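What follows is one structure encoded as structure tokens, with my remarks underneath.
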């Protein structure tokens, strides 16, 4: 007989369910779902579930009963094993026969034993030994050794934690750069690795709890900046007890259909874990233009500091009314608003290279977020201004994100991760902003395999709709269970929705870059959705006479693009 316990996951720190370490169980409740009403009632009576109304087997009513019953089962096993009070969270999933239940823990071994014991009780539900199964489960848990305590870290230095769907890497890099401009020894972690004072000390995706732990393990670090991604929160929990400043950039469709997160609203709930653990005396920096992010204001203990491109945003107004702060754009200036005070203009967008003279909407938002976080953590105003002026969209400051190059024959290249709809649309926005009048956009399209069919098709649609020439460049190391043929079918299906057929495909990102640059004309812009071969693409550009754009180069391209043909 298959086990009812499908997964037992140990979350070492704050997570979607609790602000501290928890056990997450994914349970198959098929036995309870199909049991007779008499059996379901007997089960409810044994675990102390009051006023049970189980409904008929395999109905929506039975599903709701199962959710309540599983929660009560965990509490019953805990109480009978000697734990008088235990918080329990239960959630439904897209499968009506599966539920997720979570409870906090202090001793790992005993907590894991309780998870397994709960699964064993559910295995016994269709049979006649329900009463004995619950008693046996409680005895097993009571007899289990305690085991180690959680490894969640209490930070010894200030921490700025950045999350969101798009912009979190750029924002965290900007905050770290500003702090280094102030002379601080800064450690930060992101999807590329762990850095101390600008030097990578470990490569790899450290956007989960291990990144924060590694950063804080270096004694010289005076400020930690951590990029906190969805996967780390769901799979391991956050590695820190708290942060001093949190930033939520935005929440858009990405990574849906993974780890039980199927909707954007559910994704927002995951991201909200980061501001929820911001200390009361700290600041939660929230995007007032994103309704899901701004709604997080209702669940935080920290003081709110919002950012918006619109000075008249209702979120800005309400936050100031409640005593919070805001960073906005006024007359082209990044400006800070405090209650009952005139605006403080920090720096003109024209002087912030990352914004491309304000052309890049996403990087304007990233700039507002980074300025807010840097000020919130106590970095002086003049240092924040200098940091914003000196952070550039190049391989040194922001590798892989909106990197600009000029190739021979006056061909521009833009490289960006652009891994979801919002990211690709932002990339196209930038490409349009630097191409010469009457010239073309040539786009190297690529996807990673762990995206839904719908998202992959949508990326193909956007790429074909918004570019003059589109070609596919595969990411062999990021197929994640798919085949290149399968991904090509999906991307081409999206392109065909807007009338583009026969999209060619190349085996690597370097190959598609070379193909597109080879057919580009003077003034054209080549864009590459680069994920797997960033350094190889940098090397190819250099070998073929390309060079990174300076701030002056970018300003010239923006002015030329804005000129009337």
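Scanning the range 68-87 for residues being in contact (Cβ under 8 Å) with a residue 12 or more places away in the chain, under 35 Å from the mean Cα position of the chain (by Cα) and surrounded by fewer than 18 Cβ atoms within 10 Å (Cβ to Cβ) gives a total of 3. Before we move on, is residue 347 over 30 Å from residue 456 (Cβ atoms) and touching a strand residue (DSSP E or B) at 6+ places or on another chain (Cβ under 6 Å)? Yes: the conditions hold for residue 347.
Filtered by the rule that a residue be without any contact (Cβ under 8 Å) to a residue 60 or more places away in the chain and part of a helix (DSSP H, G or I), the range 529-546 gives 535, 536, 539, 540, 542, 543. Screening the range 87-201 for helices (runs of 4 or more DSSP H) wholly inside it with 1 or more residues that are assigned by TED's automatic domain parsing to the domain that holds residue 380, in contact with a strand residue (DSSP E or B) (Cβ under 6 Å, 6 or more places away or on another chain) and within 20 Å of residue 401 (Cβ to Cβ) returns the ranges 168-181. Name every residue in the range 347-388 that is at pLDDT 95 or above and over 24 Å from residue 163 (Cβ atoms), in order of residue number. Selection gives 347, 380, 381, 382, 383, 385, 386. Residues of the range 146-166 that are at pLDDT 90 or above, in contact with a helix residue (DSSP H, G or I) (Cβ under 8 Å, 6 or more places away or on another chain) and closer than 19 Å to residue 284 by Cα: 155, 157, 159, 160, 161, 162, 163.
Yes or no: residue 119 within 28 Å of residue 236 (Cβ to Cβ) and surrounded by fewer than 17 Cβ atoms within 10 Å (Cβ to Cβ)? In short, no. Provide a single number: the residues in the range 532-552 that are out of contact with any helix residue (DSSP H, G or I) (no Cβ under 6 Å at 6 or more places or on another chain) and at negative phi. The qualifying residues number 14.
The C-beta contact set for the range 292-309 (first residue in contact (Cβ under 8 Å) with a residue 12 or more places away in the chain, second residue in a strand (DSSP E or B) and surrounded by fewer than 17 Cβ atoms within 10 Å (Cβ to Cβ), distance under 6 angstrom, 6+ apart or interchain) comprises 301/280.
Does residue 275 fit the bill of being in contact (Cβ under 8 Å) with a residue 12 or more places away in the chain, in contact with a helix residue (DSSP H, G or I) (Cβ under 9 Å, 6 or more places away or on another chain), surrounded by 15 or more Cβ atoms within 10 Å (Cβ to Cβ) and in a helix (DSSP H, G or I)? The answer is yes for residue 275.
If you go through the range 202-219 and pick out every residue that is in contact with a strand residue (DSSP E or B) (Cβ under 7 Å, 6 or more places away or on another chain) and surrounded by fewer than 24 Cβ atoms within 10 Å (Cβ to Cβ), you end up with 7.
When the strands (runs of 3 or more DSSP E) confined to the range 318-361 are screened for residues that are within 19 Å of residue 551 (Cβ to Cβ), those reaching at least 2 such residues are found at 333-337, 344-348.
Exactly one residue out of 554, 521 is in contact (Cβ under 8 Å) with a residue 12 or more places away in the chain and outside any helix (DSSP H, G or I): that is 521. Restricting attention to the range 327-358, the residues that are in contact (Cβ under 8 Å) with a residue 40 or more places away in the chain and farther than 17 Å from residue 389 by Cβ add up to 1.
Take residue 428 and tell me if it is closer than 30 Å to residue 278 by Cβ and in a helix (DSSP H, G or I). Judged against the criteria, residue 428 is not a match.
Only one of the numbered conditions (1) closer than 17 Å to residue 441 by Cβ; (2) modelled with pLDDT of 85 or more is not met by residue 558, and that is (2).
Here residue 113 passes the criteria (1) crowded, with 17+ Cβ neighbours inside 10 Å; (2) out of contact with any helix residue (DSSP H, G or I) (no Cβ under 8 Å at 6 or more places or on another chain) except the one numbered (2). Identify all residues within the range 36-61 that are under 40 Å from the mean Cα position of the chain (by Cα) and over 21 Å from residue 80 (Cβ atoms); write none if there are none. If the condition is that a residue be under 40 Å from the mean Cα position of the chain (by Cα) and over 21 Å from residue 80 (Cβ atoms), then 53, 54, 55, 57, 58, 59, 60, 61 are the ones that fit. In the set (1) in contact with a strand residue (DSSP E or B) (Cβ under 7 Å, 6 or more places away or on another chain); (2) at pLDDT below 90; (3) farther than 15 Å from residue 166 by Cβ; (4) not in a loop (DSSP other than H, G, I, E, B), residue 433 fails one condition alone, (1).
Can you tell me which condition residue 398 does not meet? The list is (1) crowded, with 19+ Cβ neighbours inside 10 Å; (2) in the same structural domain as residue 323 (by TED's automatic domain parsing), and all the others hold. All conditions pass for residue 398, except number (2). Would you mind stating whether residue 411 is more than 24 Å from the chain's Cα centre (by Cα), surrounded by 20 or more Cβ atoms within 10 Å (Cβ to Cβ) and in contact (Cβ under 8 Å) with a residue 60 or more places away in the chain? Yes, satisfied.
The values are calculated or read from the model by the stated rules, or taken from the named source; none is laboratory data. This is a predicted model, so every value here is computed, not measured. Neighbour counts are summed over all protein chains in view; Cβ atoms, including those assigned to glycine, are modelled from backbone coordinates with ideal geometry.
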